[in-house]
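Notes follow once the structure below has been shown.
The values are calculated or read from the model by the stated rules, or taken from the named source; none is laboratory data. It should be emphasised that the depicted structure is a prediction, and the values quoted were computed from it without experimental measurement. Reconstructed Cβ throughout: ideal geometry from the backbone, glycine too, with neighbour counts over all protein chains shown. Please note that ligands, DNA and RNA were not included when accessible areas were found on the heavy atoms of the full protein model with its side chains. Shrake-Rupley method; radii C 1.70, N 1.55, O 1.52, S 1.80 Å.
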Amino acid sequence: MTARERVIRTLNHEIPDRVPIDLGGNQTGIHKNAYRALVKHLGITDEVRIMDAVQQLAQPCEAVLQRFHVDTRYVAAGAAASWKGGIVKARRDGRNWEDLTDEFGIRWSMPEDAPYYMDITLHPLADATLAEVKDHPWPKGDDPSRFAGLRERALTLKRETPYAVVSGISGVVYEICWYLRGLEQWLCDLMGNPEFCEAMLDQTLKFWLDWFRLFLDEVGDVVDVIMIGDDLAGQTGPLFNPAIYRRIVKPRHKRLVQYIRSRTRAKIWYHTCGACMDFIPELIDNGIDILNPVQVSARNMDPLELKRRFGRQLAFWGGGVDTQHVLPRGTPQEIAAQVRHNVQALMPGGGYVFNNVHNIQGEVPPENVVALFDTAYECGFYD
């Protein structure tokens, strides 16, 4: 069975030869520090290439992916050619910073003395009025330059490799709004100014509908999995009232998902961290096929219960180990034990792709990364 066949059978809730394994996406990646230590530990020579500047994720080389039996390969669109991106050096508050201003005008920054991640240091619509939202220079989702060479790259993966073709993250309808506004102000807006929120959500939805129209023209017949997502939950529960989600956010989510479903046979992968149990029925109703990252350390996210309640309707992608506590601080033996438990909970009947839970963070020892993936491979075979 090829890797692509293995993934497709799994996502169709059929039983493959073994559980597919994933590494290398925007939510299933590895921090540059952990990657640097990992390749040294494995005796693999590879220069660290950053594939996600905000999260400081490394692009895993083919030798690493093959060493861990990874069944996926990623292909992503780019930014518009008119966007003058790139890292800009700045000095603020007595520190040197690396700044990156994205196409929406959001500034992401990383201090040079603690180069771990980029955080938002400028919310361009923090003080905006409703009229100013409409006048904001929103980027064009359907700028053709975003997709230059995309079909050729995707077809190369499809025709010349055995791997499942997965898109980069997209469809971030909700989170971009609070990136623009600031999280505290946005949550206040949800409670007291829903008209403002709907105006912003309509702008981000338009961007992604325009984006997907061209993306699906290019590779809707090539990709196997399309990744979309917005974080809706935190460690102990929803980040905001699910009733507000149903009234304000869900109609936009559902419209996007249904548009994608109308244009491709690819499976739709939805990302939300946290204790998202309350949202799962809504996400299923929207039309998604896959839930990621399955944060097993969050409240009410027990993998056995998730599989029991939703395993016939959803495939689970992630959930391999507690990445907050066990993966960075546990022993390889402790990691292996938790991986075996979670894989055995989620794999019955298909519908499970292995990854840890979100990205492998910078402090994770290489021995623990090896235990993570080697155990998943060893215990993931079906009878």
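For the set 84/140; 206/267; 140/267; 140/206, the pairs lying more than 20 angstrom apart at their alpha carbons are 206/267; 140/267.
For region 229-349, the relative contact order works out to 24 percent when only alpha carbon pairs closer than 8 Å and six or more residues apart are counted.
Partners of residue 158 within straight-line reach, counting aspartates and glutamates whose Cα lies under 13 Å from its Cα and excluding those fewer than 8 residues away in the same chain: 5, 71, 221, 224. What does the charge add up to near residue 87, with Lys and Arg as +1, Asp and Glu as -1, over the other residues with Cβ less than 10 Å from its Cβ? Around residue 87, the surrounding residues sum to -1. Ranked by the mean number of other Cβ atoms within 10 Å of their residues, highest first, the peptides 150-156, 221-227, 129-135, 373-379 fall in the order 221-227, 373-379, 150-156, 129-135.
The Cα atoms of region 268-329 define a convex hull whose projected area, averaged across directions, is 3.9 nm². Rolling a 1.4 Å probe over the protein heavy atoms gives the chain an accessible area of 42 Å² per residue. Within straight-line reach of residue 40, meaning a Cα separation under 29 Å, sit the following lysines at least 8 residues removed in sequence or on another chain: 32. Working note: Karplus 6.51/-1.76/1.60 with θ = phi - 60° gives region 323-337 the couplings 7, 7, 10, 6, 4, x, 10, x, 7, x, 5, 5, 5, 4, 5 Hz, where Gly and Pro are set to x. Our summary gives region 195-281 a relative contact order of 46 percent, counting only alpha carbon pairs under 8 angstrom and 6 or more residues apart. About its Cα centre, the chain has a charge dipole of approximately 640 debye under the convention of +1 per Lys or Arg Cβ and -1 per Asp or Glu Cβ, with nothing else charged.
Just the number, please: carbon plus sulfur as a percent of the accessible area of the chain, 1.4 Å probe, no ligands or DNA/RNA counted.
Whole-percent figure for carbon plus sulfur exposure: 50.
Each Cα pair under 8 Å and six or more residues apart adds its sequence gap; the mean of these over the residue count of region 62-151 is a relative contact order of 25 percent. Between residue 100 and residue 265, the simple spin-label model (points 7 angstrom out along Cα→Cβ) gives 3.6 nm. In this Cβ point-charge picture (+1 for Lys and Arg, -1 for Asp and Glu), region 160-232 has a dipole of about 120 debye about its Cα centre.
Charges were assigned to the Cβ only: +1 to each Lys and Arg, -1 to each Asp and Glu. The resulting dipole of region 64-109 about its Cα centre is roughly 200 debye.
In nm, what is the difference between 0.36 nm times the number of residues separating residue 195 and residue 304 and their Cα-Cα distance?
Result: 35.2 nm gained on full extension.
Between 337, 80, 90, find the one with the highest GNM mean-square fluctuation for the chain; connect C-alpha pairs within less than 10 Å. Top of the fluctuation ranking is 90.
Phi angles across region 276-293 convert, under the Karplus curve 6.51 cos²θ - 1.76 cosθ + 1.60 with θ = phi - 60°, into 3J(HN,Hα) values of 9, 3, 5, 8, 4, x, 5, 5, 4, 4, 4, x, 6, 10, 9, 10, 9, x Hz, Gly and Pro given as x.
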